[in-house]
Amino acid sequence: EDLNKDGLRVVLLAYQNNPAQAGEFNVSDEKDLILTGFLAFLDPPKDDVKGVLKKLKQDGITVKILTGDNAAVTKSVASRVGLNTEYVYSEKDFVGKGEEEIKKMVEECSLFVKLSPEYKAKIIQILKENGHTVAYMGDGINDTPAMKKADVAISVDTAVDIAKKSADIILLHKSLRTLEHGVRIGRQIFANTMKYIKITLSSNFGNILSILVASSFLPFLPMLPMQLLILDLIYGTSCLSIPFDTVGEKYLEVPRKWETRKLPKFMFYFGPTSSVFDIITFALLYFWICPSVVGASYMAATPSQKAVFMAIFWSGWFIESLWTQEMVIQALRDPAVPFIQQHSSPVVMLATIGAGLIGTAMPYIPSLTKVMKFGPIPEFYVLVVLVLLILYIALTTLVKHWYMKKEKFLI
């Protein structure tokens, strides 16, 4: 028992004076043995395990031990790696308990000992019923039932074949640090996936609203189909940089689940925000910028002047719409204020700014203006767009503040 408390597994060595012949042993030969001594085996945890478990705890992951070993050995190992040893339950402790009491015991305890393979699987099932997403790591035959019950089954490349066949993930390096690093990478991928989905949905929803409003009041199409296609192509290409974006440390520390039910709410908060500035742009172009260049309002213009009027309008909205779409990537990637409190990765920054500059230059390139039917937009319009973008980022930041009052997470 003292050896067990030190974390040593013990095998007793004994012999019998008159043993049966080799190959003829049976249960009766295991009686009246003479004890010779003990063999003690120490399998200490690796030096980095305690630090890794602490990191996993910071990331919102609770580590529990489910083993067939006895309580003394398990408590010794657990105390060395920093796990809570206040509660230690064996399979017998659950006998005669009610369902709710068992759920409570499973929740409060980190060490489960003397478990059969079937009871390991039962504990995994109870944890899932308690609302947890459960991963189970094992390498032996006895771990297989629990691995099959878990949401994610993890094993190592030195495990028995049946354990590896039951595993969703096989670690090539027998180290928990690899697992912790994998959790971080997985959360980063999830975060950037959600960024892409939420940002593109809200941006496209805003564009649809803007087109509907403009089509209801303008005497001409707010943008030609070809222009819309090119706009989406440039914006879509810049969105391909989102998987290379960085993710805030606070985001990585909280486990999250895939949820689609909140996507409409996100769209209805941030889609109309861009539409507000699109409508302001429509008004500026229709009532001020286009008439000042053409020399007449649209209704009073000649057919040739109307053609120039529409071309200038299309150029103006193309530039403004592209820039607001690019800036929404910067604004919605993080709850903080963009460019001041939070910064995207160099790849995302280059992609968004580069896409905006390409779109801005297109109406000024003669060969493209003919194909795209753009008009001679005044140079000062770039300053107008800059002011609108500053106001757009400010309003989006305010809307984020309102949204975060009702939701835990932005992305």
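General observations
- Screening segment 343-363 for residues that are of a type in the set (S, T, N, Q) and more than 11 Å from residue 322 (Cβ to Cβ) and picking the one that is surrounded by the most Cβ atoms within 10 Å (Cβ to Cβ) gives 344.
- If you filter segment 159-195 down to residues that are of a type in the set (A, V, I, L, M) and in contact (Cβ under 8 Å) with a residue 40 or more places away in the chain, you find that the one that is surrounded by the fewest Cβ atoms within 10 Å (Cβ to Cβ) is 189.
- Whichever residue in segment 147-197 is in a loop (DSSP other than H, G, I, E, B) and hydrophobic (A, V, I, L, M, F, W, C) and, among such residues, is farthest from residue 53 (Cα to Cα): 160
Listed here are the residues, each with its yes/no results for (1) within 42 Å of the chain's Cα centre (by Cα); (2) over 30 Å from residue 407 (Cα atoms); (3) assigned to a helix (DSSP H, G or I); (4) among the aromatic types (Phe, Trp, Tyr).
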| position | (1), (2), (3), (4) |
| --- | --- |
| 271 | yes, no, yes, no |
| 278 | yes, no, yes, no |
| 285 | yes, yes, yes, no |
| 288 | no, yes, yes, yes |
| 297 | no, yes, no, no |
| 301 | no, yes, no, no |
| 310 | no, yes, yes, no |
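- Verdict on residue 81 being farther than 25 Å from residue 162 by Cα, touching a Leu at 6+ places or on another chain (Cβ under 7 Å) and free of Cβ contacts under 8 Å to residues at least 60 places away in the same chain: yes
- Contact map, segment 196-224: first residue in contact (Cβ under 8 Å) with a residue 24 or more places away in the chain, second residue of a type in the set (S, T, N, Q) and surrounded by 15 or more Cβ atoms within 10 Å (Cβ to Cβ), Cβ cut-off under 6 Å, separation 6 or more or different chains; pairs are 203/325; 206/274; 206/275; 209/275; 210/275.
- Cross-chain or 6+ apart pairs with Cβ under 8 Å, segment 2-30 first and within 30 Å of residue 85 (Cα to Cα) and in contact (Cβ under 8 Å) with a residue 60 or more places away in the chain, then of a type in the set (Ser, Thr, Tyr) and surrounded by 10 or more Cβ atoms within 10 Å (Cβ to Cβ): 4/76; 5/76; 6/76; 7/76
- Elements of the type helices (runs of 4 or more DSSP H) sitting completely within segment 1-118 and holding at least 3 residues that are within 19 Å of residue 134 (Cβ to Cβ): these cover 49-58, 99-108.
- Residue 292 being in contact with a helix residue (DSSP H, G or I) (Cβ under 9 Å, 6 or more places away or on another chain) and assigned by TED's automatic domain parsing to the domain that holds residue 393: no
- Against the criterion of being in contact (Cβ under 8 Å) with a residue 24 or more places away in the chain and in a helix (DSSP H, G or I), residue 229 does not qualify.
- For segment 305-329, the set of residues classified as farther than 22 Å from residue 279 by Cβ and touching a residue at least 12 places away in the same chain (Cβ under 8 Å) consists of 308 only.
- Of the residues screened, residue 350 is not one that is within 23 Å of residue 222 (Cβ to Cβ) and either assigned to a helix (DSSP H, G or I) or polar (S, T, N, Q) (or both).
- Filter pass, residue 255 being in a helix (DSSP H, G or I) and either touching a residue at least 24 places away in the same chain (Cβ under 8 Å) or surrounded by fewer than 20 Cβ atoms within 10 Å (Cβ to Cβ) (or both): no
The values are calculated or read from the model by the stated rules, or taken from the named source; none is laboratory data. Quick caveat, the model's predicted, so the values are computed rather than measured. Neighbour counts run over all protein chains shown; Cβ positions are idealised from the backbone, glycine included.
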